[in-house]
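Heads up: the structure comes next, in structure tokens.
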Amino acid sequence: MAFDRAYYRLTKRGPVDEELRALVLPRIEEARLLYVDPVPEVRPRVMTAGMLTKRTKALAHLREGAVLWVPGLARLGFSALDIRGVLDLLFDTGRRAGDAINGVILTADTPRLDVAALVEEAERTLKREAFGRARAEQAKHGAKLGRPSARSDADRRQAVKELLERDPRRTSAAEVASRWGVDKATIYAWARQMRPDLE
């Protein structure tokens with residue numbers, strides 16, 4: 001433990017600094033052995049390993065046989081490929097990775113399937129965070145999120161009635177569908193469900 005260090009990368013949608021710090025500080029001797037990459041002020045279009053400067057320092061200072069503690073592998077990098085690359089670097093140079101959330105230390109002798117499972121879990125976490133960020137951006141710009149609410153049977157019957165009773169020379173099926181907030185295919189599907197003879 002004498003030379004163990006800790007590292008994590010902060011993200012806008014991920015856990016806050018205090019939570020992550022509480023997970024890794026008990027694993028190292030001093031707070032100065034903790035390295036943290038902050039959230040970039042300007043979000044880059046493409047994240048690269050070179051942008052994680054604190055991680056580079058942590059890896060440079062980590063001696064052979066020591067453990068780099070992270071609060072879950074998702075905080076070690078920005079993609080599954082990046083995380084896997086850091087793990088391979090650690091293993092190839094006789095160093096180890098500690099996952100504080102799962103309480104495991106990964107070494108070159110750890111079964112590859114176990115490492116792959118943890119990396120996949122980290123990738124799912126990163127994707128959830130990215131999806132949450134995208135949804136927040138959409139909501140900020142007024143996009144309606146999620147599926148539209150289901151129409152009641154009464155609404156469907158009324159929409160189909162309008163479709164069937166319209167004058168096709170004056171009102172198109174698309175216009176009827178638009179009034180009901182659905183597309184033309186949906187309103188025709190409702191009509192076929194209620195009137196099988198329309199097949």
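The values are calculated or read from the model by the stated rules, or taken from the named source; none is laboratory data. What you are looking at is a predicted structure, and each value in this text was computed from that prediction instead of being measured. We place every Cβ from the backbone using ideal geometry, glycine too, and count neighbours over all the protein chains shown. These area figures cover heavy atoms from the full protein model, side chains too; ligands, DNA and RNA do not enter into them. Shrake-Rupley method; radii C 1.70, N 1.55, O 1.52, S 1.80 Å.
Please verify whether region 128-145 includes one or more residues that are modelled with pLDDT of 85 or more, open to solvent by 60 Å² or more (accessible area, probe 1.4 Å) and under 24 Å from ALA74 (Cβ atoms).
Among the residues of region 128-145, at least one is modelled with pLDDT of 85 or more, open to solvent by 60 Å² or more (accessible area, probe 1.4 Å) and under 24 Å from ALA74 (Cβ atoms), which makes the answer yes.
Take the residues in region 162-187 that are closer than 17 Å to ALA150 by Cα and among the hydroxyl-bearing types (Ser, Thr, Tyr); name whichever of them is surrounded by the most Cβ atoms within 10 Å (Cβ to Cβ).
THR186
State which residue is farthest from the chain's Cα centre (by Cα) when the search covers only region 9-25 and only residues that are among the hydrophobic types (A, V, I, L, M, F, W, C) and open to solvent by less than 50 Å² (accessible area, probe 1.4 Å).
VAL24
Restricting to region 26-71, name every residue that is within 16 Å of ARG96 (Cα to Cα) and exposed (fewer than 12 other Cβ atoms within 10 Å of the Cβ).
ALA60, GLU64
Across region 55-102, what is the number of residues that are farther than 21 Å from VAL36 by Cβ and of a type outside the set (A, V, I, L, M, F, W, C)?
The total comes to 7.
I'd like the full set of residues that are at pLDDT 65 or above and among the small types (Gly, Ala, Ser), limited to region 146-164.
Matches in region 146-164: ALA150, SER152, ALA154, ALA159.
In region 107-123, how many residues are among the small types (Gly, Ala, Ser) and open to solvent by 40 Å² or more (accessible area, probe 1.4 Å)?
Here the count works out to 2.
Would a scan of region 86-101 turn up a residue that is touching an Asp or Glu at 6+ places or on another chain (Cβ under 8 Å), farther than 20 Å from LEU10 by Cβ and either open to solvent by less than 20 Å² (accessible area, probe 1.4 Å) or among the β-branched types (Val, Ile, Thr) (or both)?
Scanning region 86-101 turns up at least one residue that is touching an Asp or Glu at 6+ places or on another chain (Cβ under 8 Å), farther than 20 Å from LEU10 by Cβ and either open to solvent by less than 20 Å² (accessible area, probe 1.4 Å) or among the β-branched types (Val, Ile, Thr) (or both).
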